[in-house]
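Okay, so here's the structure we're looking at.
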Amino acid sequence: PFHVEPRNIVDDDPQERVSAEAAILNSRVHYYSRLTNSSDRLLSPPNHVIPGPEEIYIYSPLGTAFKVTGTDPSSKNPSIITIFAIWNTMMGTSILSIPWGIKQAGFTLGILILIFTGLLMLYCCYIVLKSPKAIPYVDTSDWEFPDVCRYYFGKFGQWSSLVFSMVSLIGAMVVYWVLMSNFLYNTGQFIYNYAHNANVSDSQFGTNGSDKVICPYPNTDPGENVTIITLYLGNSGNDTSDVSTFEHWWSKTNTVPLYLVILLLPLLCFRSASFFARFTFLGTISVIYLIALVTLKAVRLGFHLEFHWFEPSQFYVPEFRLLFPQLTGVLTLAFFIHNCIITLMKSNRHQENNMRDLSVAYLLVGLTYLYVGVLIFAAFPSPPLSKDCIEPVSFICILFYPLLGYLVRVQMMGQIFGNHYPSFFHVLALNVLIVGAGVLIAKFYPNIGSIIRFSGATCGLALVFVFPALVHMISLRRQGLLRWPSVLFHSFLILLGIANLLAQFFM
């Protein structure tokens, strides 16, 4: 009980004593407890009987009262941190794949698909966020979305949702690892060439004023999405053995992915959720830098647009293309936060603002995608290069990677062990497996376009469209609120998810 009758045993008592209101509330709680046994939640004390967290005290038999402080408020994040954490998590792998996706769909159709997909993804994310609270008579404060799926669909729902969640998160982390390996390799290559006065020239013609823009596949199928740039190193007086030794120890696929392990594996083992959210906030700085860089380049280059609605020209793609499912596959991962939105929102200091903060984060993400995608597509110099030369580009992903690792840990450890941090060795073993997957993919299959499309469409089918739509309809049906328009709309969402995945195999 939260109330014990005071006893005047001590004279000097500076702490607050039991109030009459607390005594009344205590009597009411005892009254409800006598109506039924503790396992029956039907007649549990209603919310107006239980005092709020700020009013709870622990009363000793001596009559003294101790304030219950609850969780440390400093461990919670303000709304601005939560918004940027969601923003950064969604944008990481896909922000510079959006121009390529708009090119695949066509400029006009690409913009329409981006807006439409963003609104659908926000709605489905809202369903996921509110799904635990729609379950009556059960404490869902520690639940994740797999727990919700277990409640509605049994063990199959729990483990299948967990598997698809891991597909999206680990798939994104694998893409990050490939991109970080490329970035680190190119940085080291640049430093080596600068230090040794090595000449670098591209194998394809390209121009951007004084800078080079390289078209990797000027005469190949525009449906391809693999970026390979061939560079020729010229030796300027350096010994050939020095170059071969450097290439041996600084290889894009053999050594550089392993060097990242030294930097990132310790970061993944941190325990605090606030650390990951604040660490990811640094990613906002890099995104702002990217936006400034894109703006500067667009001002220098100007816009290069011609509107050919259905037929391509020599330098321009049509406004509507049949390759648009490649953009929908990328956008499914680009706007995907559904498997970890409950985890991210738990650290929000003001829980009543969750929906507002989620909407603001989606708005920022959508505007950023539109701004970067439209500007890069419009400013791409055509002529002399064709718009078909636009390809996915790597980005500084080291600022986003640790938060995804934390989300993988929370969901997997929480489901298997019932504890987000069972021990350091459990967490270390999980992180070694995740990092190992990234190293292997970076070595044997560094195709980021295909990884993004297929992982996005696969996890999106289950966690964006099928499970949220079914959970929402079942919840409404149990409340007696399910109507035919809702059935038709949410069934349409499920069909969209199936079509999105199947279309990736024909592109």
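The values are calculated or read from the model by the stated rules, or taken from the named source; none is laboratory data. Fair warning: this is a prediction, and the values are worked out from it, not measured in the lab. Glycine also receives a Cβ, built like all others from the backbone with ideal geometry; neighbour counts cover every protein chain displayed. What goes into the accessible areas is simple: the full protein's heavy atoms, side chains included, and nothing from ligands, DNA or RNA. Shrake-Rupley method; radii C 1.70, N 1.55, O 1.52, S 1.80 Å.
You will find that of C340, C389, the residue that is surrounded by 24 or more Cβ atoms within 10 Å (Cβ to Cβ) and hydrophobic (A, V, I, L, M, F, W, C) is C340 and no other.
With (1) of a type outside the set (A, V, I, L, M, F, W, C); (2) in contact (Cβ under 8 Å) with a residue 40 or more places away in the chain; (3) on the phi > 0 side of the Ramachandran plot as the list, and R349 as the residue in question, which single condition is left unmet? Unmet condition: (3).
Residues in region 343-356 that are farther than 15 Å from L404 by Cβ and open to solvent by less than 20 Å² (accessible area, probe 1.4 Å) were compared, and the one that is modelled with the lowest pLDDT is N348. The sole residue among I102, I111 that is within 21 Å of P325 (Cβ to Cβ), modelled with pLDDT of 80 or more, open to solvent by 30 Å² or more (accessible area, probe 1.4 Å) and in contact with a helix residue (DSSP H, G or I) (Cβ under 8 Å, 6 or more places away or on another chain) is I111. Going by the conditions given, is V299 free of Cβ contacts under 8 Å to residues at least 60 places away in the same chain, over 23 Å from Y123 (Cβ atoms) and touching a helix residue (DSSP H, G or I) at 6+ places or on another chain (Cβ under 9 Å)? In short, yes.
Identify, by number, the condition in (1) over 18 Å from the mean Cα position of the chain (by Cα); (2) at pLDDT 90 or above that P468 doesn't meet. Going through the list (1) over 18 Å from the mean Cα position of the chain (by Cα); (2) at pLDDT 90 or above, P468 breaks only (1). Residues in region 287-332 that are buried (at least 17 other Cβ atoms within 10 Å of the Cβ), in a helix (DSSP H, G or I) and modelled with pLDDT under 85: V287, L290.
The one condition from (1) farther than 21 Å from L129 by Cα; (2) open to solvent by 50 Å² or more (accessible area, probe 1.4 Å) that F492 does not meet is (1).
So, in region 414-430, of the ones that are in contact with a Pro (Cβ under 9 Å, 6 or more places away or on another chain) and not hydrophobic (A, V, I, L, M, F, W, C), which residue ends up farthest from L404 (Cα to Cα)? Checked region 414-430; the qualifying residue farthest from L404 (Cα to Cα) is Q415.
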